Amino acid sequence: MELPIHIRIFKWLSPGMKVKRWMLLCALGIIMVGIGSVKALSREGIGVVVLGCLILTYGVTLVILGMKMMVKSFLTVFLPEREKEIVNILYEKRQLSKGPRIVALGGGTGLSVLLHGIKEYTSNTTAIVTVADDGGSSGKLREEFDILPPGDIRNCLVALADDESLMRDLFQFRFEEGSTFKGHNFGNLFITALSRVTGDFEKAIKESSKVLAIRGQVIPSTLIKVVLVAEHKDKTETSGETMISKSLLPIERIYLKPENPIPTDDALVAIREADIIIMGPGSLYTSIIPNLLVSGIKESITESKARKVYICNVMTQAGETDGYKASDHVKAIVKHTFPGIIDYCIVNTGPIPEEFIEKYKKENSFTVIPDIQNIRDMGYSVTGEDVVNTIDYVRHNPIKLARIVMNILEGKEAVYKR
C-alpha cells in the first residue's frame, strides 16, 4: 500500500537520512544570496555594497556545497562503492550517451573483444549475436531446457558491463569438475533461469543487462531455434556448429535450418539507425555469416547508409578457413550476401611471435595472409595495422580496434582509400 504524500515528504526529515543538514545549508545559502543581492544593489554606500557582495559570495558557496553533499548522500545510497567517482559517472551517463550508434554482429570471443574497446566511446552500442551455438554449456542448456544458447550473449553482456565488479566475475564463473553444474557458467544458468521465470528469452537478456548495467544492448539475431548446416565442396553436409568446426572438409557454403528465420525487430531497428556497422572479428562460418543469413539482415545492412566494416581474423581456423587469406574471408561473406555489404576492411599486418605460431600450428591454425591489394582490387577500402594482443592467446587488441573504427566513423580514412 502506497503511503500518503505528506508521510513520504516527512520521511525525508527522519533522523539519520543525512539530507536535512544539506537541505538547511542550501536554504541558508539561498537566503544569504537574496540578502546579499539586495545589499549589493543598494545605494547605501560603498561599505554596504561590499558587505552585500561578501554575503552573496558566501551564500553561493553554501548553495553549491549543500547541493554537492546532497548528491553525494544519494550516491552513497544508490551507488555505495562509487560515491568518489561522481565525475566518471556523469561522464558515462552524459557523454557516452551522445556517442555514435554502433552495431556489431558476430559471436564467440571475437565480438566480445571488440565490445570491450567500443564501450569506451559510446553507450549506444548494439551487439547482434548469433544463436546457432550448440556446444559446451550453451549446447547442454539449449537441449535440456529448449531455449536459445546463452553463451555468446553472456560474453557480450559481460564485455559491455559498466562496472568491473564482482557481478562480472560471477557471470563468467565456471563450475569445476565434481560439481553437479560442472562445465556450466553461472551467467548461462542465470539467463536460463530468467528465461524460464519470465517465459521470454528476450526479456531475460534485458533483465540481465540491468543487473550488469551494460553500456548498450545485446540482441539475438533471431528468436527461432536454428541449426547451422555446412555444405562441403564434395557436396556432403555437416549439421551443427560444433560438428562443422570439427570437420576437416572444405566448406562451399553454409545455411540455416529453417532457412530465412524471422529476425528480431530490435536488430532491424538498430541496423536501420546505425552510424557504423561492424562484422567480426570471429569465426567466419559459425559466428559472422550465420547472422547475415537471418531474413532481412543482409538486405538491411546493404541498404544502410552507415559505414560497413569487416574485421578479418588474425589466424585461420581449423575446419573452417584452412588456407584462407584475408581476401578469401571477404569473398566468403560476399558470396553469402551482396557485394555492397562491406565498405571497409581491417586486417592485421603486425607480427605474431614465433612461440605463438608454433603453438597454433599444433592446432592446424596459421597466420592469415593480409593480401591487402587483392581486397582493394575487389573495390573495398582497407586498413592494415598491428591490431593483435599476444598475452595468452592471439587475439585482437580492443583498444586499437576501437580507435580504427572511430577513425573510419569520423571520416579520418585517408589512409584507407582504395
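The values are calculated or read from the model by the stated rules, or taken from the named source; none is laboratory data. In this text, all values refer to a predicted model and were calculated from it rather than measured experimentally. Because the Cβ atoms are built from the backbone with ideal geometry, glycine has one as well, and the counts that use them run over all protein chains shown. Surface areas here come from the heavy atoms of the whole protein model, side chains and all, with no ligands, DNA or RNA. Shrake-Rupley method; radii C 1.70, N 1.55, O 1.52, S 1.80 Å.
Things to note:
- Cross-link check: pairs Lys20/Lys210; Lys298/Lys331; Lys210/Lys400; Lys119/Lys225; Lys233/Lys331 evaluated at a Cα-Cα cut-off of 21 Å; pairs beyond the cut-off: Lys20/Lys210; Lys210/Lys400; Lys119/Lys225.
- Shown in residue order for segment 215-223 are the 3J(HN,Hα) couplings computed by the Karplus curve 6.51 cos²θ - 1.76 cosθ + 1.60 at θ = phi - 60°: 8, x, 9, 10, 10, x, 5, 8, 9 Hz (x for Gly and Pro).
- Candidates per GluC sites (Glu not before Pro) in segment 314-418, loop by DSSP, up to 13 other Cβ within 10 Å: Glu363, Glu410
- Gyration tensor verdict on segment 139-293 (Cα atoms; rounded if a/c is under 1.5, prolate if a/b is larger than b/c, oblate otherwise): oblate
- Choice from Val33, Val368, Val103 showing the highest fluctuation, given a GNM over the chain with Cα pairs closer than 10 Å: Val33
- DSSP bridge analysis restricted to the chain gives an antiparallel fraction near 40%, rounded to the nearest 5.
- All lysines inside 17 Å of Lys182 as judged from Cα atoms, apart from same-chain residues fewer than 8 positions distant: Lys140
- Taking amide hydrogens as placed 1.01 Å from N in the peptide plane, the amide H of Asp371 sits under 5 Å from those of Ala326, Ser327, each at least 5 positions away in sequence or on another chain.
- For segment 198-327, share of DSSP beta bridges that run antiparallel, in % to the nearest 5: 70 percent
- The alpha carbons of the chain stretch over 99, 54, 43 Å along the principal axes, in descending order.
- Protein-only accessible surface order, largest first, of Thr321, Thr302 at 1.4 Å: Thr302, Thr321
- The share of accessible area on the chain that comes from carbon and sulfur is 59 percent, using a 1.4 angstrom probe.
- Of all aspartates and glutamates in the structure, the ones whose alpha carbon falls short of 12 Å from that of Lys308, not counting any fewer than 8 places away in one chain, are Asp275, Asp343.
- For segment 210-320: accessible area per residue (Å², 1.4 Å): 39 Å²
- 0 to 90° range, to nearest 10: angle between helix 201-212 axis and the chain longest Cα axis: 50 degrees
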